[in-house]
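S.K.: Take a look at the following structure, please.
The values are calculated or read from the model by the stated rules, or taken from the named source; none is laboratory data. Treat the numbers as computed from the prediction; the structure is a model and nothing was measured. Positions of Cβ are backbone-derived with ideal geometry, glycine not excepted, and every protein chain shown enters the neighbour counts. What goes into the accessible areas is simple: the full protein's heavy atoms, side chains included, and nothing from ligands, DNA or RNA. Shrake-Rupley method; radii C 1.70, N 1.55, O 1.52, S 1.80 Å.
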Amino acid sequence: MYFKPLLIASAMFFLVTAQGCVTNATPESKVSIPVSWNTGFTLSELLASSIELTTIEDLERLIAAPWYADITMIHTKAGDSTFNSCQNYFEKAIETTRTAKENEMGPYLEFKVMCEAASLLLSAKDATSSYLPELVLSNDLPNLLPKSVALQTSLEESKRNANNAALSHWADITPLTKYESQSATKSTYYHDGGYQELEIIGRGDTNNDLIEDVIVVVHDYLDGGNYMNIRLLVLSVDKQNNWQLIKEL
């Protein structure tokens with residue numbers, strides 16, 4: 001009289017065990033978020049002959065290709081030198097490198113940040129997670145990013161703000177007076193005395209934590225046209241909406 005219940009119980013145990021084996025033998029596949037670039041990445045437009053960017057491997061060709069202009073530089077690893085490609089920049093530039101002609105500093109900074117962006121995209125990996133919002137360059141971003149993102153016109157000002165514990169975010173230094181979104185990848189942030197244009201260049205995992213980062217170019221301007229600077233930022237955000245400045249160039 002106990003044979004039938006025992007048989008049913010044995011069958012159920014076998015079914016549960018078999019299902020468990022199948023589950024363990026087939027791990028859940030991970031989502032792959034590929035490295036990508038946006039129209040803000042303009043290195044191909046700065047070359048003597050335009051090179052179409054269709055794959056990651058094309059970035060190596062852009063780095064080796066000649067710029068549309070030669071720029072005479074001072075304070076390089078080789079003393080006075082001429083830069084005419086990203087390869088020259090990577091091989092010879094140091095922190096104090098500048099253009100021999102002051103009016104060529106702006107174009108040089110454009111070359112510099114696009115070269116650095118190409119290098120970042122080339123070394124980036126596909127991500128498996130992303131917590132970036134649909135609109136990265138939102139009007140709330142100055143309240144989320146660290147104070148070093150703010151427009152600061154001198155090393156002294158930057159050091160003073162860095163040592164001020166009361167200042168923690170971008171908006172603490174340059175409170176936002178106006179925000180304009182030109183597109184999903186470009187926005188302008190105005191404050192008293194100046195403004196900053198931010199544009200997304202690309203995305204990818206740049207620091208090997210499997211989380212997608214965003215590469216942003218920043219143009220800093222003072223009202224009156226007497227100051228302009230260009231910087232490159234690598235930003236990331238976690239699932240708790242904590243933003244991090246991974247790198248600034």
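S.K.: Considering only protein heavy atoms, what per residue accessible area in square angstrom results for the chain with a 1.4 angstrom probe? Don't jump to the answer; show the numbers that get you there.
M.R.: Working: 14060 Å² over 249 residues.
Result: 56 Å² of accessible area for each residue.
S.K.: Taking 8 Å as the Cα distance limit and 6 or more residues as the minimum spacing, I'd like the relative contact order of the chain as a percentage.
M.R.: 18
S.K.: At 222 nm, what value in deg cm²/dmol follows for the chain if DSSP H runs of at least 4 each add -39500 (n - 2.57) and the sum is divided by all its residues, to the nearest 500?
M.R.: Values: 6 runs with 68 residues, N = 249.
Calculated from helices alone, the mean residue ellipticity at 222 nm is -8500 deg cm²/dmol.
S.K.: Sticking with this one: Quick one: which residues, 5+ away or cross-chain, put their amide H under 5 Å from the amide H of TRP67? H built at 1.01 Å from N.
M.R.: When sequence neighbours closer than 5 places are left aside, the close amide H contacts are ALA48, SER85.
S.K.: Just read off the accessible area of ASP126 with the full protein assembly in place, 1.4 Å probe, to the nearest 10 Å².
M.R.: Answer for ASP126: close to 70 Å² accessible.
S.K.: Keeping every protein chain in place, order LYS112, LYS101 by accessible area at 1.4 Å, biggest value first, i.e. largest first.
M.R.: Values: LYS112 65, LYS101 125 Å².
If we order LYS112, LYS101 from most to least accessible, we get LYS101, LYS112.
S.K.: About its Cα centre, what dipole magnitude does region 164-203 give when the only charges are +1 on Lys and Arg Cβ and -1 on Asp and Glu Cβ, stated in debye to the nearest 20? Spell out each step's value before the answer.
M.R.: On the way: 3 positive and 5 negative charges, 30 e Å.
Dipole about the Cα centre, nearest 20: 140 debye.
S.K.: Let me ask something else about it. Could you pull out the pairs from LYS77/LYS112; LYS92/LYS247; LYS77/LYS247; LYS159/LYS239; LYS112/LYS178; LYS77/LYS186 whose alpha carbons sit more than 25 Å apart here? Before the final figure, lay out the partial values.
M.R.: Details: LYS77/LYS112 16 Å; LYS92/LYS247 21 Å; LYS77/LYS247 23 Å; LYS159/LYS239 31 Å; LYS112/LYS178 29 Å; LYS77/LYS186 35 Å.
In this structure, LYS159/LYS239; LYS112/LYS178; LYS77/LYS186 exceed 25 Å between Cα atoms.
S.K.: Please compute the length gained on full extension between LEU245 and LEU155, using 0.36 nm multiplied by the number of residues separating them and subtracting their Cα-Cα distance.
M.R.: Details: separation 90, 0.36 × 90 = 32.40 nm, distance 1.90 nm.
Full extension from LEU245 to LEU155 adds 30.5 nm.
S.K.: Which of TYR68, LEU249, LEU109 sits farthest toward the positive end of the charge dipole of the chain, with +1 on the Cβ of Lys and Arg and -1 on the Cβ of Asp and Glu?
M.R.: LEU249
S.K.: Ordering HIS75, HIS191 by how much accessible area each has at a 1.4 Å probe, largest first, what is the list?
M.R.: Numbers: HIS75 100, HIS191 25 Å².
My answer, sorted largest first, is HIS75, HIS191.
S.K.: Just how much of TYR131 is accessible, in Å², when a 1.4 Å probe is used and the result is rounded to the nearest 10?
M.R.: 80
S.K.: Residue by residue, what Karplus-based ³J(HN,Hα) values in Hz, rounded to whole numbers, does region 118-134 have, using 6.51, -1.76 and 1.60 with θ = phi - 60° and x for Gly and Pro?
M.R.: Per residue, the Karplus-derived 3J(HN,Hα) values read 4, 5, 5, 5, 5, 8, 5, 10, 5, 8, 10, 9, 8, 10, 5, x, 4 Hz.
S.K.: What's log10 of I(q)/I(0) for the chain at q = 0.15, 0.17 Å⁻¹, Debye sum over Cα points only, no solvent?
M.R.: Rounded to two decimals, the profile gives -1.15, -1.38.
S.K.: Could you give each residue of region 76-85 its phi-based ³J(HN,Hα) in whole Hz, using Karplus coefficients 6.51, -1.76, 1.60 with θ = phi - 60°, and x for Gly or Pro?
M.R.: With coefficients 6.51, -1.76 and 1.60, one gets 9, 4, 10, x, 5, 8, 10, 9, 9, 6 Hz.
S.K.: Once you place label points 7 Å from the Cα toward the Cβ at GLU57 and THR82, how far apart are they in nm?
M.R.: In this crude spin-label approximation the distance works out to 3.2 nm.
S.K.: Leaving ligands, DNA and RNA out of it, work out the accessible area of LEU155 with a 1.4 Å probe and give it in Å² to the nearest 10.
M.R.: 110
S.K.: While we're looking at this one, here's another question. With +1 on the Cβ of every Lys and Arg and -1 on the Cβ of every Asp and Glu, and nothing else charged, how large is the dipole of region 183-249 about its Cα centre, in debye rounded to the nearest 20? Intermediate values should be presented prior to the final figure.
M.R.: Numbers: 5 positive and 11 negative charges, 18 e Å.
In total the dipole reaches around 80 debye.
S.K.: May I pose another question? Around SER36, with a cut-off of 12 angstrom between Cβ atoms, what is the net charge of the other residues, counting Lys and Arg +1 and Asp and Glu -1?
M.R.: Working: positive: ARG203; negative: ASP126, ASP205, GLU212, ASP213.
Value of the local net charge: -3.
S.K.: In nm, give the distance between the simple-model label positions of TYR131 and LEU222, each being 7 Å from the Cα along the Cα-to-Cβ direction.
M.R.: Once both label points are built, they end up 3.8 nm from each other.
S.K.: Taking H placed 1.01 Å from N in the peptide plane, check which residues at least 5 places from ILE33 or on another chain put their amide H under 5 Å from its amide H.
M.R.: HN-HN under 5 Å from ILE33: ALA127, THR128.
S.K.: Here's another thing I want to ask about it. What spacing in nm lies between the two simple spin-label points modelled at ALA48 and LYS101, each 7 Å away from Cα in the Cβ direction?
M.R.: Spacing of the two 7 Å Cα→Cβ label points: 1.8 nm.
S.K.: What's the carbon and sulfur percent of region 62-211's accessible surface, probe 1.4 angstrom, rounded to a whole number? Walk me through the numbers on the way to the answer.
M.R.: Working: 3450 of 7360 Å².
Roughly 47 percent, rounded to a whole number.
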